[in-house]
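Q: My questions all concern the structure below.
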Amino acid sequence: MSVSVQQADFDVGAEIAALSRGYPEIGAVASFVGLVRNANDGAGISAMSLEHYPGMTEKALEEIVEEARSRWSLNTVRVIHRFGRLEPGDNIVFVGVGSAHRGEAFAACEFIMDYLKTRAPFWKREETPDGARWVDARECDDGAAARWDEIEIRR
Amino acid sequence: MSVSVQQADFDVGAEIAALSRGYPEIGAVASFVGLVRNANDGAGISAMSLEHYPGMTEKALEEIVEEARSRWSLNTVRVIHRFGRLEPGDNIVFVGVGSAHRGEAFAACEFIMDYLKTRAPFWKREETPDGARWVDARECDDGAAARWDEIEIRR
Amino acid sequence: MSVRILYFAALREAVGRSEESLSLPVGVATVGELQSFLAMRGEAWEALRAGRNVRAARNQRMVKGSEPVVSGDEIAFFPPVTGG
Amino acid sequence: MSVRILYFAALREAVGRSEESLSLPVGVATVGELQSFLAMRGEAWEALRAGRNVRAARNQRMVKGSEPVVSGDEIAFFPPVTGG
């Protein structure tokens, strides 16, 4: 079960430990945790809600993981993305990758985050002092995902 | 205390949680765990010993962290490296970086690992079925560190 | 047979519904043509007009406007995604 | 005053000691010259010869052979590092 879409929080330490348990050939686990920030675009954020597209979300994440596995030699991959109401400091997303060597683990972990940011159907709605607002997509996220189309695979 | 050199194991989940606790402006925590593999260069590894240069080790790691902080906008950085006798599956090294945005967290985390691999005075001695042997440095590690001299800073 | 249409996030709020079923109108053979058809329903639907920043999925996979649409499909329209 | 010299890992095993104190010999003004001086001590010390893969630190910072050495320094010789 490499992909989970859930309302509940996750245990980062347990997830990272699980990525290498039973795989003594793994020498590298790269991981990423995305958190709710208390400010965005100059406004204070008291909370946010994450809407998603049930069904498509899981498929999109699984396709991104498959794409990463086709590009790099990976032993284990785990993606968890939360939805619902979250407050500053709360975990939003976890991506972890286990591989023999660090170059592949780092590249695959960042690749999955970059693709997730542009391809996984989640939408953030922030609560600010001026009311709630939908977060606009950032152009730099498109750029971050697009660079993998050209980049030489790092090993 | 951003750098530790120690014989004891570390708690990955607690370290990652500590990287964002009290910093509600952090939206991204990238981290890396290096583990003892059960094989290297075609030989089975039953255990390894990590020798280091007490005093210089801490200084070298602190300089690498400072260099990362000068290149990217980082809130928190944590580096832990173990020494002594370790077995396959054991943790060797932890690097964690907290930043507002993921691009800087990923870049700084990988930079610190690449520099650590060529500049921090640790030496691995592996126990194999044919006896103990010192691990040879990998040329690709020099290459991994050198690419940061030229690479455009990713944000 | 008809198509099921889903709307998400700001687009869902703009059009005032999260889903509907629709018999494919004559002349609508692609996702882009379906979007243009919906955009002509009135003021609330202008968010779907060409040039607006709208993404689409057919049967839960992101597609371009040129993607064919047939009866039985699940078509979704939504803004650029902002998760992660 | 003298210099303190440390040896690590395979180099420590090759020369059979982990540290020593040495009065700086006449004509030794750099880390590289110190290394060459030590390399001439005999067979066990050949691992320090020019061309061997030896790294050096002066007062706990990695340096090149051209780095000056003065009395009171802590000089270390070791193989390329393999931690991480």
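Q: Just checking, which of D:E43, D:E20 is over 20 Å from D:V63 (Cβ atoms) and of a type outside the set (G, A, S)?
A: D:E43
Q: Please go through region B:39-60 and give me each residue that is among the acidic types (D, E) and on the phi < 0 side of the Ramachandran plot, ordered by number.
A: B:E51, B:E58
Q: While we're on this one: Would you please name the residue that is farthest from A:P54 (Cα to Cα), looking only at residues in region C:47-59 that are in contact (Cβ under 8 Å) with a residue 24 or more places away in the chain and among the charged types (D, E, K, R)?
A: Here the residue is C:R55.
Q: Moving on. Counting only residues that are more than 7 Å from every other protein chain (Cβ to nearest Cβ), outside any loop (DSSP other than H, G, I, E, B), farther than 18 Å from C:A9 by Cα and within 16 Å of the chain's Cα centre (by Cα), how many does region A:7-57 have?
A: Residues meeting the conditions: 2.
Q: Could you tell me whether any residue of region A:97-107 is among the acidic types (D, E), more than 9 Å from chain C (Cβ to nearest Cβ) and touching a strand residue (DSSP E or B) at 6+ places or on another chain (Cβ under 8 Å)?
A: yes
Q: Next question, about the same structure. Among the residues of region C:44-84, what is the count of those that are within 10 Å of the chain's Cα centre (by Cα), surrounded by fewer than 18 Cβ atoms within 10 Å (Cβ to Cβ) and more than 14 Å from chain A (Cβ to nearest Cβ)?
A: Summing the residues that are within 10 Å of the chain's Cα centre (by Cα), surrounded by fewer than 18 Cβ atoms within 10 Å (Cβ to Cβ) and more than 14 Å from chain A (Cβ to nearest Cβ) in region C:44-84 gives 1.
Q: Residues that are touching a Pro at 6+ places or on another chain (Cβ under 6 Å) and at pLDDT 95 or above: does region D:31-51 have at least one?
A: In the first step, residues of region D:31-51 are kept if they are touching a Pro at 6+ places or on another chain (Cβ under 6 Å); the result is D:37.
In the following step, the residues that additionally are at pLDDT 95 or above were identified as D:37.
Looking for residues that are touching a Pro at 6+ places or on another chain (Cβ under 6 Å) and at pLDDT 95 or above, one finds at least one in region D:31-51, hence yes.
Q: Quickly run through region A:113-140 and pick out the residues that are under 23 Å from C:V63 (Cβ atoms) and surrounded by fewer than 21 Cβ atoms within 10 Å (Cβ to Cβ).
A: Across region A:113-140, the qualifying residues are A:R119, A:W134, A:D136, A:A137, A:R138, A:E139.
Q: Quick check on my filter: what residues within region B:58-92 are in a strand (DSSP E or B) and closer than 21 Å to D:L11 by Cβ?
A: B:H81, B:G84, B:R85
Q: Among the residues of region A:108-144, count how many are of a type in the set (D, E) and in a helix (DSSP H, G or I).
A: So the answer is 5.
Q: Suppose we keep only residues that are over 15 Å from the mean Cα position of the chain (by Cα) and closer than 23 Å to D:A57 by Cβ within region B:70-84. Which one would you say is nearest to the other protein chains (Cβ to nearest Cβ)?
A: So the residue we want is B:G84.
Q: Can you pull out the residues in region C:1-16 that are more than 12 Å from the chain's Cα centre (by Cα) and of a type outside the set (A, V, I, L, M, F, W, C)?
A: C:S2, C:E13, C:G16
Q: Among (1) outside any strand (DSSP E or B); (2) charged (D, E, K, R); (3) under 23 Å from A:S4 (Cβ atoms), where does A:R147 come up short?
A: (3)
Q: If you don't mind, there's one more thing I want to ask. Across region B:1-52, what is the total count of residues that are more than 29 Å from B:R133 (Cβ to Cβ), among the charged types (D, E, K, R) and surrounded by 16 or more Cβ atoms within 10 Å (Cβ to Cβ)?
A: Total meeting the criteria: 1.
Q: Return the only residue of A:G84, A:G103 being crowded, with 16+ Cβ neighbours inside 10 Å and modelled with pLDDT of 95 or more.
A: Within the list A:G84, A:G103, the selection yields A:G103.
Q: Same structure, new question: Got at least one residue in region A:53-75 being in contact with a helix residue (DSSP H, G or I) (Cβ under 8 Å, 6 or more places away or on another chain) and under 24 Å from B:E25 (Cα atoms)?
A: No, region A:53-75 contains no residue that is in contact with a helix residue (DSSP H, G or I) (Cβ under 8 Å, 6 or more places away or on another chain) and under 24 Å from B:E25 (Cα atoms).
Q: Take the residues in region D:11-40 that are part of a loop (DSSP other than H, G, I, E, B) and in contact (Cβ under 8 Å) with a residue 12 or more places away in the chain; name whichever of them is nearest to D:V69 (Cα to Cα).
A: So the residue we want is D:A29.
Q: Sticking with this one: Limited to region A:22-52, what total is found for residues that are touching a helix residue (DSSP H, G or I) at 6+ places or on another chain (Cβ under 8 Å) and of a type in the set (G, A, S)? Outline the logic, then answer.
A: So the first thing to find is which residues in region A:22-52 are touching a helix residue (DSSP H, G or I) at 6+ places or on another chain (Cβ under 8 Å), and the list is A:26-35, A:51.
Those still in the list that are of a type in the set (G, A, S) too: A:27-28, A:30-31, A:34.
Number satisfying all stated conditions: 5.
The values are calculated or read from the model by the stated rules, or taken from the named source; none is laboratory data. Bear in mind that the values here come from a model prediction, so they are computed numbers and not experimental data. Note that each Cβ is placed from the backbone with ideal geometry, even for glycine, and that neighbours are counted across all protein chains shown.
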